[in-house]
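First the structure, in the form of structure tokens, and then the observations on it.
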Amino acid sequence: MSRIRSLFYLIFSFLSLGLSAQNGEVRGFIYDKQSGEPSIYTTIRVEGTDKGAVTDLNGYYSISKITPGKYNLLVSYLGYDTFRLEIDIMPNDRIQRNLYIQRSAITTKEVTVTAERTKNETRVEMSKTTATPREIEMIPSVGGQADLAQYLQVLPGVTFTGDQGGQLYVRGGAPIQNKVLLDGMTIYNPFHSIGLFSVFDVDILKNVDVYTGGFSAEYGGRISAIMDVTTRDGSKDKVGGKISVGPIASKISVEGPLKKFREGENNASFLFSARTSYMNQTAPVFYKYADSNGLPYAFTDLYGKITLEAGGGSKVSFFGFNFNDSVNFRNSTRYNWNAYGVGTKFVLLPPGSSTVIDGSFAYSNYAVHQIEKDSKPRNSSIDGFDATVNFSLYSGKDLIKYGFNVIGFQTDFNFTNSANRVVQLQDFTTEVAGYVRYNKVYKRFVFDPSFRLHYYAALGEASFEPRLGLKYVATTRLRLKVASGLYSQNLISAQSDRDVVNLFYGFITGPNDLPKQFNGQDVSTDLQKAVHLLGGFEYDLKRGLSLEVEGYIKYFNQLTNINRNKIFDNTADFASKPESLKNDFIRETGKSYGGDIKMVYDVKPFYFWAVYSLMWVTRFDGNVTYYPHWDRRHTVNLVASYDFGKNKARRPWRANARFTFGSGFPFTKTQGYYEQLDFQGGLNTNYTTANGKLGTLYGDQNSGRLSDFNRLDVSIQRSFFLKKDRKVVINASATNVYNQKNIFYFDRVKYARVNQLPILPSITVTYQF
């Protein structure tokens with residue numbers, strides 16, 4: 001009887017599989033009919049059913065498990081005519097339909113299913129903010145040119161330490177703990193020295209995804225945050241571009257078809273962007289009051305891209321860049337860095353398969369040099385390759401994604417500390433990782449489990465990292481979500497977490513000169529590790545108005561920091577000296593916890609963004625628990641943008657405003673000064689007649705607090721529309737409108753306060769053709 005029962009069960013299983021296999025699938029890409037650009041985050045559904053999808057960054061969609069029959073595909077997207085296409089689904093059918101949607105000539109009142117709602121109900125997306133050029137251009141810009149760096153400063157959980165050489169810290173993590181990707185390539189320094197500009201020209205951007213914590217196993221090699229930057233393709237329709245001139249920087253971008261776009265045919269396009277600053281030359285004329293050094297910053301950014309696309313939707317892009325930066329403080333510090341790279345990115349849609357394959361391969365180099373008053377050079381470089389391949393399988397609302405990536409890079413580091421001890425390290429390492437992610441929608445629940453296996457060849461160690469995201473769709477307006485995960489990294493920065501201002505941003509991997517014990521216990525691994533725990537909710541208050549609240553804890557179980565207290569070489573001659581005085585690096589642990597509240601109102605022509613962040617950050621070095629210098633307790637960011645004018649279709653005027661408040665950063669108080677003798681003459685040095693340097697007696701590490709920070713930026717622009725889609729835009733802006741004297745740091749030697757930038761007005765003219 002048991003055998004018969006087993007036979008019936010086997011037959012039933014095969015029948016069930018066969019019945020489910022009778023269903024069909026339709027997939028393809030959605031494009032703008034005029035320009036040929038992929039239509040991202042666009043809603044498509046099978047009319048009369050509950051089947052539907054949202055396009056990804058490539059404009060790709062996939063709708064599976066469709067019962068055989070005749071249907072209409074319905075595409076709804078704001079600003080475009082509703083598109084319908086009849087399809088006939090046969091049993092076991094898998095068809096491809098590339099769709100071309102037409103821009104609306106008039107504004108309709110048709111109610112459409114928004115892509116945002118579909119994403120919210122089918123993906124967890126914990127601690128994720130997605131930005132497009134539209135959002136970035138709503139931030140009042142320094143020098144009248146929108147920039148990603150200024151947008152990132154207003155995100156939940158992001159702390160910005162200064163206008164002149166500041167860095168971004170994400171929910172308690174240091175900059176080296178944030179991974180920045182450009183079309184799959186790792187960018188090791190995405191910000192210029194002045195801190196107000198990124199290396200990414202807004203005109204080349206398609207999409208920027210920022211994960212401040214709890215990211216899935218798709219990303220790895222960092223323990224705090226991810227910034228994934230995707231560039232757009234050049235125009236497939238016509239040659240065009242922009243020329244922009246202002247008092248701080250100028251730029252030019254050109255794009256166009258190499259083979260003009262035709263529906264269903266192969267096409268090719270190019271995109272080129274160049275930007276250069278000259279504030280070191282214009283500041284003495286326009287902003288001579290700003291700084292005694294005259295704002296001695298300069299940078300140049302070059303980027304180029306060629307894209308080849310097949311009629312079926314598969315495509316490959318080739319890109320390259322060169323970014324450089326220089327600073328020259330008179331009689332003090334000379335500093336410069338240069339980065340360049342080349343890469344390729346591809347998307348493949350194999351015939352007869354439900355799987356989309358995408359990936360990238362890239363090579364890059366970053367080198368930094370700094371010379372202080374002591375004329376002793378500090379330099380560091382990192383160069384290597386990134387190779388990534390991803391496989392995505394869509395099944396209804398579900399997603400299975402897996403892939404692997406290989407990273408190989410070489411680091412060369414040479415640094416002399418304040419005690420004249422030299423740290424020299426060279427290393428080549430390889431990292432190999434694989435991951436699997438499964439996004440499952442079950443009734444009101446969205447499950448997003450994933451795991452990553454990351455092998456670090458320099459340490460001969462593998463890290464297994466399970467991660468989980470979960471969302472509960474309570475109502476059509478309210479969604480609850482949680483996430484957690486394990487994270488690891490090997491790369492560290494030559495910039496100590498205890499340095500308030502340090503432009504030198506070198507890189508080290510696989511450090512082995514570490515203490516064998518921490519806090520009295522043996523240490524079995526040299527990997528830096530962290531655990532993220534997050535929870536919160538999303539609530540749609542009304543049309544265009546949303547509220548998001550999140551709380552988080554990041555446990556940094558193990559951190560590696562450069563040892564600023566090293567005074568002895570780690571040799572047999574100093575075997576009796578404490579490790580804390582002779583090792584190149586020290587071990588630490590840390591914790592960051594807090595919460596963020598974000599409210600967004602986005603109904604044209606008005607846009608409003610409000611963010612409040614509460615955060616505590618601590619570090620423990622084995623002896624002392626201290627607050628790192630970026631531990632800011634309260635942060636408030638308010639952004640408003642309004643388009644207006646008699647012509648409601650184009651609205652030629654735009655006004656932007658941004659207000660930022662931040663409570664004071666911690667700092668170490670000065671207890672006193674003394675004469676510091678270096679005894680270069682050995683025992684024969686006469687300390688009664690020798691002239692020493694000024695030494696400082698410090699109080700407890702970061703036990704004090706600086707004054708609060710607040711700043712208001714505004715801009716207003718007027719667009720003049722010319723013939724054939726040409727226009728001139730005049731942008732008048734002012735940073736720090738009421739000239740608030742915000743402290744940057746206090747120079748103990750000169751006993752002088754150094755402030756952030758004062759009011760900086762500017763007018764920029766842009767010609768778009």
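In square angstrom, what is the accessible area per residue of the chain with a 1.4 angstrom probe?
Details: 34100 Å² over 769 residues.
Per-residue value: 44 Å².
Want the number for THR670 to VAL603: 0.36 nm per residue separation, take away the alpha-carbon distance, what's left? It would help to have the intermediate numbers written out before the result.
Numbers: separation 67, 0.36 × 67 = 24.12 nm, distance 5.15 nm.
Contour length minus the Cα-Cα distance gives 19.0 nm.
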Report summary line: Asserting the computed 222 nm helical MRE of the chain (DSSP H runs at least 4 long, -39500 (n - 2.57) per run, divided by residue count, to nearest 500) equals -1500 deg cm²/dmol
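Compute, for the chain, the length of the dipole vector about the Cα centre, with Cβ point charges of +1 (Lys, Arg) and -1 (Asp, Glu) only. Units Debye, rounded to 20. Mind dumping the intermediate values first?
Details: 89 positive and 71 negative charges, 452 e Å.
Taking the Cα centre of the chain as origin, the dipole is about 2180 debye.
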Report summary line: For the range 81-92, in residue order, the Karplus 3J(HN,Hα) values (coefficients 6.51, -1.76, 1.60; θ = phi - 60°; whole Hz; Gly and Pro = x) are 5, 5, 10, 10, 9, 7, 10, 10, 8, 9, x, 6
Query raised in the report: Considering the dipole of the chain built from charges on the beta carbon (Lys and Arg +1, Asp and Glu -1) around the Cα centre, which of LEU349, GLY264, ALA649 is farthest to its positive end?
Result: ALA649
Query raised in the report: Given charges of +1 on the Cβ of Lys and Arg and -1 on the Cβ of Asp and Glu, with all other atoms neutral, how large is the dipole of the range 249-309 about its Cα centre, in debye to the nearest 20?
Result: 140 debye
Requested in this report: Describe numerically, in nm with one decimal, the distance between label points set 7 Å from Cα along Cα→Cβ at ALA572 and at GLN424.
Outcome: 2.1 nm
Requested in this report: Could you work out how far apart the two model spin labels at ALA310 and ALA732 are, taking each label as a point 7 Å from the Cα in the direction of the beta carbon, and quote it in nm?
Outcome: 5.5 nm
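Is the range 243-311 best put as rounded, prolate or oblate by its Cα gyration tensor, with a ≥ b ≥ c the root eigenvalues, rounded for a/c under 1.5, and otherwise prolate when a/b is larger than b/c, oblate when not? List each step's numbers first, then the result.
Values: a/c = 6.95, a/b = 4.20, b/c = 1.65.
Judged from the Cα gyration tensor, the range 243-311 comes out prolate (a/c at least 1.5, a/b above b/c).
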Report task. Using the structure shown, list the pairs from LYS33/LYS70; LYS305/LYS443; LYS529/LYS566; LYS376/LYS669; LYS51/LYS727 with a Cα-Cα distance above 31 Å, or answer none. Result -> LYS305/LYS443; LYS51/LYS727
Query raised in the report: Which values, in whole Å and largest first, are the semi-axes of the equivalent ellipsoid of the chain obtained as the square root of 5 times each eigenvalue of the Cα gyration tensor?
Result: 47, 33, 24
Query raised in the report: What list of ³J(HN,Hα) couplings, whole Hz, do you get for the range 446-458 from phi and the Karplus terms 6.51, -1.76, 1.60, once you set θ to phi - 60° and write x for glycine and proline?
Result: 10, 9, 9, x, 7, 8, 10, 10, 10, 9, 10, 5, 4
Report task. Quote to one decimal, in nm, the extra length available between TRP653 and ASP513 on full extension: 0.36 nm per residue of separation minus the C-alpha distance between them. Result -> 44.5 nm
**Report entry** Euclidean distance of C-alpha centroids, the range 18-72 and the range 170-209, integer Å
**Finding:** 33 Å
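Over the chain, what relative contact order in percent results from Cα pairs under 8 Å that are six or more residues apart? Don't skip to the answer; put the middle values down first.
On the way: 2093 pairs, mean separation 74.6, N = 769.
Once divided by the residue count of the chain, the mean separation gives 10 percent.
Of the peptides 346-356, 403-413, how do they stack up when ordered by the mean number of other Cβ atoms within 10 Å, highest first? The partial results should precede the final answer.
Numbers: 346-356: 15.5, 403-413: 19.0.
The peptides rank, most packed first, as 403-413, 346-356.
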**Report entry** Point-to-point label distance, ARG97-ASP522, nm (Cα→Cβ direction, 7 Å offset)
**Finding:** 6.6 nm
Query raised in the report: Helix 2-21 versus the longest principal axis of the chain: what angle, 0 to 90°, nearest 10, using Cα atoms?
Result: 90 degrees
Report summary line: If every Lys and Arg gets +1 and every Asp and Glu gets -1 at its Cβ, then about the Cα centre the range 115-188 yields a dipole, in debye to the nearest 20, of 280 debye
Requested in this report: Quote the FRET efficiency, to the nearest 0.05, computed for SER354 versus ALA474 with a Förster distance R0 of 35 Å and r equal to the Cβ-Cβ distance.
Outcome: 0.65
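Could you give the length gained on full extension between GLU372 and VAL549, defined as 0.36 nm per residue of separation minus the Cα-Cα distance, in nm?
On the way: separation 177, 0.36 × 177 = 63.72 nm, distance 4.53 nm.
Once the chain is fully extended between GLU372 and VAL549, it gains 59.2 nm.
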Report summary line: Mean Cβ-within-10 Å packing, highest first, puts peptides 734-740, 615-621 in the order 615-621, 734-740
Query - Gap separating the Cα centres of the range 433-467 and the range 308-381, nearest whole Å - result: 26 Å
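Given a Förster distance of 30 Å, report the FRET efficiency between GLN740 and THR333 from their Cβ-Cβ distance, rounded to the nearest 0.05.
The pair GLN740/THR333 has a calculated efficiency of 0.70.
In the range 297-430, carbon and sulfur make up what percent of the accessible area (probe 1.4 Å)? Provide the component values of the computation, followed by the final result.
Working: 3260 of 5620 Å².
Of all accessible area on the range 297-430, carbon and sulfur atoms account for 58 percent.
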Report summary line: In the chain, taking the dipole from +1 charges on Lys and Arg beta carbons and -1 charges on Asp and Glu beta carbons about the Cα centre, the listed residue (VAL624, SER364, GLY594) farthest towards the positive end is GLY594
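The values are calculated or read from the model by the stated rules, or taken from the named source; none is laboratory data. Every value quoted in this text rests on a predicted model; they were computed, and no experiment measured them. When we count neighbours, we look across all protein chains shown, and the Cβ atoms used for this are built from the backbone with ideal geometry, even at glycine. Heavy atoms of the whole protein, side chains included, go into the accessibility calculation; ligands, DNA and RNA do not. Shrake-Rupley method; radii C 1.70, N 1.55, O 1.52, S 1.80 Å.
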